[in-house]
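Here, each number is a calculation from the coordinates, and none is a lab measurement. Since the model is a prediction, treat every value here as computed from it, not as a measurement. For neighbour counting, all protein chains shown are included, and Cβ atoms are generated from backbone atoms with ideal geometry for every residue, glycine included.
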């Protein structure tokens, strides 16, 4: 049958209208009459029912007036967006296959007579035609054509070109799948008849593949490689039989099987078809399914007979009722929410976006899939030259501003600008990495622009670099605030030509460099004040979170900006929603709720109480009823439907009755309430539902800049969170949000957040040690960092360590082999004499030269050592990762070179059996970190320029280094010096210092705290029994207490075999000369800073500590086998703990003060088994009782600094009368991961 293609997105998604008069199918005449009747009806009856905003439903069909078509059209509402001045609707014109945007006021009710006629636009896809693409494997250096999940741009363009050039289009319908017609499409181009399906296959844009199971989109194709031969093509179709592939003769306009089906459908057409539109007074939710009795897969002839039912049915108007639980998954990232300070007409289609044609072409060539929802709203004002602020979950995407800014640079007139060097547009990024990303995108899209020469500026602290920097013929500059300020020092008039200033990731810029950013803004403001003529001046700010510094940005530097916020929580901050936290006991929540409602009842507020439990909804509703508070309830088990609840909600407020609605989170989506004034979070909100709850007040957001003189109590919208002892799950997320909202935060939430974060840190105990902490001594964002920030003995103190790591002086010879970045390398510590690895490498090379020794591995196992031959060199490797079992015989495996530290991927058949004799030597690769240097400008990563310079300088060359700390297979060195050996003169010459080389680039700066932070990190290692087999860690030489403030140099444990008289001797904990004391006497003090090394001299100094030190606060509790003491001391250093049978002495420094506790115990303990663990805020001492049982008190004599730890106790009904309680302390004792249950009995007044 002859059709007209209304809209073509790709071969799997296009719309047609039936032009040819086919029996049983509504023809064009019917639609012409429909348009005429609708035109007459809505023009004559000006008072036709408008649709109220609160009754607009997504998925319903209404009538709108389309300005482009100049007529009234039936429109399916696809989404509804809230704006400052009302609602904006995205509609699909069901008779024209067009998208449009209309305000809610333009919507009209669709009468039943107009709704009965089926939609003219039918959605189609090419039958069994799936996309192909060219897959390039750079590793194998091959290219293969294989299935794709989406159509290539070239295929889409070819498909559209065929339709545009066609003088006639015909379609034969094969089946109906997922409410979409699957067709063979035929076009006539220049008197040549072409089957579009075949043409795409012939040109290798597609292949034929029959759907398996339920039909899906083209994205369901398999990723397996396919052949383009006929064997993979289905050969059974409606109509003629095809031997090779489904090629339908063009002469057969309609399949012979189609006629009877069309003729036999008259009875179906006589019945009124089901429609999705429902009268607005009805309370039912219309749900329309597919054509009754038409399965997805059945006999083709039967399906063909029912095709007219599909053509004339209205199930394309289906109203989708989303599952409540599913709707919660997208909460907090609402794609359909936007908060605007001004009216903006969005541009959701690239063809109509306010971009110049060349840029649109480049975007299409780069497979740009947008514009996204946020881009559709921010592009128009940016392209219009307005000041814009965008807050969105995609606020870190540079494409929010790059396309419209490039459009401005191409289309604006800058003739009046002064004739001097300087950029027209400046993009400020928070760091070099983001600046590089933006610069790369500008280079990508400049191909469609004229005279666009972007420039990336990365300056070090070398002043000559800034003075030599010239900006000529450059329209766009990308840099960071620090780099720009260095440039402005040497070129103050750099911003004289600047018209467009972009602040990328404003939440990061303002949190890390607020002073620098405002300095730049002041310079820009002065430059614009001096500018002559009517030139555009624009500031664009994009980010993911609202920041308090945005307020002065708007007030002082922007001119009536457009504000676009697509994140509900951030819109609530901008909308001045007052956030309050009410601490209470979980059992007392209802009483607190009644107190709050007592205030709201007097002020006629519209209150929504949220909870996550049906039981709690019923409980609250009953409590309100017993206190004479009129309320509504809604949960998934309630009989009252959403329309009924919504109607009563409106009537209560309009009649002067305070409105209170209690509901579960999963019911808010169906209600669609947005006019509440108070929200009470009866159950503590998770990030997933917090934004959804706040959206119920979106009508009462008060946009505008808060004035400090305005009392926040006058703010209309309020959010109250009930905080209980059970609210720990999502406390940190809510805490940081409230902090950004500048809300008053109670101490209880601070404490709860701290406990949760401590628990989360404990959960990371099996993760690797944080790389930033090791490299720079600090992790700038511990809460979001996925790695561990404390010592884990089982991971960090490796059991299989090269002898050079243990038996070595403080000065070592290092051979860096793999450069991770400027200060972190992997390599080997080389023996000066008789290097075992050198001999091993030579022996391996000789062994594998013999072909018979190169035995391939049949089954590759993870973590097993193998050999790998690369040219003439053989390596020992360990398999890190293997693919699944369904892989081919030869497959890629991830390996680690255990003597070099680097990782790589190789084919499994390259791995060789490694004899046992080559596995006896431990892995030689160690992690080497250069201390006391870090990137400039608070960067978290090294600039590639520095890394490349160091890599070229040091890789594979011998260096001498002084070791300051070791931990497992990690060694910290300072300095590390490149040397040259002069064998004839028996001397080494120092060529360069790596730290000095980094500083000379100007991109590194001094990091004096690094060594101290690493040593502090190592003090977290728990004290252990000397009998335990632990790897020795570096011990610091003992000094007097007065030298504590001096810089401590930690030395490696030396081998007794080496003659190193010039270095101080350090004892090993495994030294047999050191004997444990008996249980009757004191043990030698355990010194965490020495990582388990015993220093007997400290016992002699204990009396001095007692005389000079302050006494710390101590809390204690017990169980039958142990006593736990928690010493309250912050960031303790130089900690010592001496255990005796009836005594424990603790000493440590904190913030320059010495703290000492000399405790005479009430009963005896086992000194050898007692331990001390140092934490950030306290020291935990575990005393193991000599006799099991309960102590009536801790000390022989009363001590005012010692008290019971009531927070670690829980009341128990079966305790003895004198028992205070029981509890659990969540900390692992030294050297184990067990958890101890603690309880104690006491008849004291909790002061001992």
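Results, tabulated for the structure shown:
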item	result
Potential lengthening between residue 630 and residue 843 on full extension [0.36 nm per residue; Cα-Cα distance subtracted]	67.8 nm
FRET efficiency for residue 134 and residue 349, using Cβ-Cβ distance with R0 set to 22 Å, rounded to 0.05	0.20
Separation of the residue 782 and residue 549 label points, Cα + 7 Å toward Cβ, nm	2.4
Simple label model, 7 Å out from Cα along Cβ direction - residue 71 to residue 361, nm	3.5
Percent of alpha-carbon pairs separated by more than 24 Å within region 349-566	38
Estimated inter-spin distance, residue 830 and residue 1200, nm [label 7 Å along Cα→Cβ]	6.5
√(5λ) per eigenvalue of the Cα gyration tensor, region 3-123, largest first, Å	25, 19, 11
Stretch gain in nm, segment residue 490-residue 1177, where the contour uses 0.36 nm per residue and the Cα spacing is subtracted	242.6 nm
Region 805-933 - Debye-derived log10 I(q)/I(0), Cα point model, q = 0.09, 0.18 Å⁻¹	-0.30, -1.03
Whole-angstrom gap from region 858-884 to region 483-536, using each part's C-alpha centre	55
Difference of contour (0.36 nm per residue) and Cα-Cα distance, residue 33 to residue 113	27.6 nm
Residue order, fewest to most surrounding Cβ atoms within 10 angstrom, among 1122, 412, 655	655, 412, 1122
Label zone at residue 873, where the point sits 7 Å out along the Cα-to-Cβ direction: region 950-981 residues whose backbone N lies under 11 Å	956-957
Hydrodynamic radius by Kirkwood, which averages 1/r over all alpha carbon pairs of region 856-912, in angstrom	11.3
